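Enquirer: Pasting in a structure now, in structure tokens, and then I'll have a few things to ask.
The values are calculated or read from the model by the stated rules, or taken from the named source; none is laboratory data. This one's a predicted model, so the numbers in the text were calculated from it and none came from an experiment. Cβ placement follows ideal geometry from the backbone for every residue including glycine, while neighbour counts extend to all protein chains displayed. What goes into the accessible areas is simple: the full protein's heavy atoms, side chains included, and nothing from ligands, DNA or RNA. Shrake-Rupley method; radii C 1.70, N 1.55, O 1.52, S 1.80 Å.
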Amino acid sequence: MKIGIDKMAFATTDEYIDLRELARERGDEPDKYTIGIGQDRQAVVPPTQDIVTLGAAAAKKLLSKDDKKHLSTVIVATESGIDNSKASAIYIKHLLGLDDFTRAVELKEACYSATAGIQFAKGLVAMNPQSTVLVIAADIARYGLKTPGEVTQGAGAVAMLISADPHILTLEDTTVSYTKDVMDFWRPLYATEANVDGKYSTNVYVDFFLQCWQRYQQMTGRQLDDFAALTFHLPFTKMGKKALEALLKDNQSPVADKMREQLTASQKYCREVGNLYTGSLYLGVMSLLQNGQVNPGDRIGLFSYGSGAEGEFYSGILQPHFEKYLSDVKDDLANRHQVSIAEYEKQFNSQLGMNQDDVELDWQSDPALFILKGQKEHKRIYQEKK
Ligand code: HMG
């Protein structure tokens with residue numbers, strides 16, 4: 001039975017900063033950010049947005065009335081959880097008006113867990129091929145003002161419907177997972193910003209990619225030319241280049257050059273929003289499908305990485321008319337507006353975070369469909385704006 005990704009949709013905030021401006025403000029060369037790191041813009045998160053509002057906004061774009069009837073499960077993959085106990089999937093299920101006879105859970109393993117969610121969803125659909133599973137990867141990447149990680153922040157959500165006979169990508173059965181206890185990036189329960197050993201994390205990432213790729217090759221006998229493109233978790237676009245070049249080395253063959261061109265296509269959207277943590281790989285897939293040279297029948301490789309650390313390499317086959325089942329990311333990105341660095345810093349410091357007080361946020365000025373109005377008696381208040 002063919003199982004895979006049937007639909008994909010993306011949502012981010014409507015504000016961004018220009019990273020050249022951030023570089024100048026931080027006393028860095030703009031080229032370091034745009035070339036050395038490979039990022040042009042970064043999503044700015046107003047306090048009225050979080051993983052619930054972003055996740056609901058992405059999911060709302062793809063769920064038809066008919067889709068809602070077949071949905072058995074909602075899985076939210078995130079490392080930006082808003083509660084240590086209650087799953088964000090329950091808030092999202094409510095905002096989307098889904099049937100009460102639906103399972104709703106949250107998964108965590110840094111940037112990797114959306115991939116686990118997809119694999120679990122595949123199992124659920126195999127058991128009941130009439131049913132579908134909604135996997136939402138939603139995160140806010142936050143390192144702190146004036147830290148080396150600041151330029152690699154970002155935010156957004158990718159929602160994916162997993163079904164039998166999918167319209168976008170049929171997932172192949174061979175998949176390689178690789179896990180080791182590594183302290184490259186982590187966030188203790190008392191912290192709102194991540195701790196990171198930045199350079200070490202990039203080396204661990206590359207090592208995990210090569211381990212997974214080599215094992216995948218041993219298991220399948222497939223070579224690079226069996227793929228139309230490889231896609232990567234993109235914490236920043238240069239990271240994908242580092243991983244691909246570690247594989248290609250000085251290979252200048254047409255296949256290697258094609259992989260480099262396809263990588264550029266897959267990096268386009270990440271350049272504009274930054275790291276989405278769990279969603280980054282999947283925004284990269286959307287970027288490839290909307291900007292790359294790909295056709296139905298092509299095999300795409302996916303490398304998922306989450307610090308801590310876990311990697312997975314797997315593959316899928318593109319389906320006819322796949323392009324019709326993706327939300328319009330270009331339009332969303334074009335409709336955002338730029339804010340100043342001072343405004344970004346103000347918003348960065350206005351998040352609810354660990355605040356325990358009752359708060360009413362300035363939600364009227366947020367044009368998003370779903371908003372966080374504030375919190376009362378330790379409960380977050382969400383609303384869909386009609
Ligand atoms: P840094 O120390 O500020 O930067 O931090 P740098 O000095 O290493 O410079 C970066 C690059 O810019 C270098 O290129 C420089 O040569 C170049 P590279 O050697 O890397 O190819 N450069 C310039 N290029 C052009 N013109 C110039 C110029 N100046 C310098 N004038 C770092 C960089 C990525 C470490 C930092 O931003 C950071 O810590 N980021 C967060 C960690 C991260 O994203 N790690 C990625 C792997 S781990 C992962 O992907 C998981 C993650 O998503 C979390 C999760 O799983 O939940 C992060």
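Enquirer: Using the beta-carbon distance between residue 359 and residue 250 and R0 = 56 Å, what value does 1/(1 + (r/R0)^6) give for FRET efficiency, to the nearest 0.05? Can you show the working numbers first?
Expert: Details: r = 56 Å, r/R0 = 1.00.
So the FRET efficiency works out to roughly 0.50.
Enquirer: Considering the dipole of region 72-207 built from charges on the beta carbon (Lys and Arg +1, Asp and Glu -1) around the Cα centre, which of 153, 163, 137 is farthest to its positive end?
Expert: The residue sitting farthest along the positive end of the dipole is 153.
Enquirer: Moving to a separate point now. Probe 1.4 Å, all protein chains in place: accessible area of residue 94 in Å², nearest 10?
Expert: Counting only protein heavy atoms, residue 94 exposes about 140 Å² to solvent.
Enquirer: Obtain the radius of gyration and the Kirkwood radius of region 216-288 from its C-alpha atoms and give Rg over Rh. Please list the in-between numbers first.
Expert: Details: Rg = 12.4 Å, Rh = 12.6 Å.
Here the Rg-to-Rh quotient is 0.98.
Enquirer: Going through the DSSP H helices of the chain, which span 18 Å or more along their own axis at the Cα atoms while scoring at least -1.0 as a mean Kyte-Doolittle hydropathy? Let's see the in-between values first.
Expert: Numbers: long enough: 113-127 (21 Å, 0.98); 198-220 (33 Å, -0.63); 254-273 (30 Å, -0.93).
Helices passing the filter in the chain: 113-127, 198-220, 254-273.
Enquirer: Of 276, 289, 374, which is farthest on the positive side of the dipole of region 273-386, counting Cα position, with +1 on Lys and Arg Cβ, -1 on Asp and Glu Cβ, and the Cα centre as origin?
Expert: Farthest towards the positive end: 289.
Enquirer: Another one. Between residue 86 and residue 257, what is the spin-label point distance in nm, taking each point 7 Å from the Cα along the Cα→C-beta axis?
Expert: Label at residue 86, label at residue 257, 5.7 nm between them.
Enquirer: Enter the accessible area per residue of the chain (Å², integer; probe 1.4 Å; all protein chains in place). Kindly include the intermediate steps, with their values, before the conclusion.
Expert: Numbers: 16520 Å² over 386 residues.
Heavy-atom SASA per residue in the chain reads 43 Å².
Enquirer: Sorted by average packing, counted as other Cβ atoms within 10 angstrom per residue and highest first, what order do 314-327, 277-290 take? Kindly include the intermediate steps, with their values, before the conclusion.
Expert: Values: 314-327: 17.1, 277-290: 27.7.
By packing density, highest mean first, the sequence is 277-290, 314-327.
Enquirer: Let me ask something else about it. Suppose every K and R has +1 on its Cβ and every D and E has -1 on its Cβ; what is the size of the dipole of region 237-355 about the Cα centre, in Debye to the nearest 20? Don't skip to the answer; put the middle values down first.
Expert: On the way: 13 positive and 14 negative charges, 39 e Å.
The dipole of region 237-355 has a size of about 180 debye.
Enquirer: Under 1.5 on a/c is rounded, so check that first for region 87-136, then, if it is not, pick prolate when a/b is larger than b/c and oblate when it is not; a ≥ b ≥ c are the square roots of the alpha carbon gyration tensor eigenvalues. Before the final figure, lay out each step's value.
Expert: Numbers: a/c = 2.61, a/b = 1.05, b/c = 2.48.
Here region 87-136 falls in the oblate category.
Enquirer: Percent of Cα-Cα pairs per 20 Å bin, from 0 to the last occupied bin, for the chain, please list those.
Expert: 30, 60, 9, 0
Enquirer: Once you compute Rg and the Kirkwood Rh from C-alpha atoms, what is the Rg to Rh ratio for region 249-386?
Expert: Across region 249-386, the Cα-based Rg/Rh ratio is 1.07.
Enquirer: Which percentage, to the nearest 5, of the DSSP beta bridges contained in the chain is antiparallel?
Expert: Values: 50 of 69 bridges.
Taking every DSSP beta bridge with both residues in the chain, the antiparallel ones total about 70 percent.
Enquirer: If the cut-off is a Cα-Cα distance under 16 Å, which lysines reach residue 238, setting aside same-chain residues fewer than 8 apart in sequence?
Expert: Correct list for residue 238: 32, 199, 249, 268.
Enquirer: Probe radius 1.4 Å, ligands and nucleic acids ignored: give me the carbon and sulfur share of the accessible area of the chain as a rounded percent. Write down the numbers at each step before the final one.
Expert: On the way: 7930 of 16520 Å².
Taking all protein chains in place, the chain shows 48 percent carbon and sulfur surface.
Enquirer: Only Lys, Arg, Asp and Glu count, each charged at its Cβ (+1, +1, -1, -1), so figure out the dipole size of the chain about its Cα centre, rounded to 20 debye.
Expert: On the way: 43 positive and 52 negative charges, 104 e Å.
It comes to approximately 500 debye.
Enquirer: When the chain is fully extended, how far beyond the present Cα-Cα distance does residue 99 get from residue 145, taking 0.36 nm per residue of separation? Spell out each step's value before the answer.
Expert: Details: separation 46, 0.36 × 46 = 16.56 nm, distance 4.13 nm.
Going from the current span to full extension adds 12.4 nm.
Enquirer: Moving to a separate point now. Using the Cα centre as the reference, give the magnitude of the dipole from point charges on the C-beta atoms of region 94-221 (Lys, Arg: +1; Asp, Glu: -1; all else neutral), rounded to the nearest 20 debye. Display every interim value, and only then the final one.
Expert: Numbers: 9 positive and 14 negative charges, 44 e Å.
Dipole magnitude for region 94-221 comes out near 220 debye.
Enquirer: Restricting to DSSP loop positions (anything but H, G, I, E, B) with no more than 10 other Cβ atoms inside 10 Å of their own Cβ, which chymotrypsin sites (Phe, Trp or Tyr not before Pro) remain in region 102-203?
Expert: 190
Enquirer: Using helices alone, what [θ] at 222 nm do you get for the chain, with -39,500 (n - 2.57) per DSSP H run of 4 or more residues, divided over all residues and rounded to the nearest 500?
Expert: Helices in the chain give a 222 nm mean residue ellipticity of -10500 deg cm²/dmol.
Enquirer: Beyond 24 Å, what share of the Cα-Cα pairs of region 170-323 remains, rounded to the nearest whole percent?
Expert: I get 30 percent for the Cα pairs in region 170-323 exceeding 24 Å.
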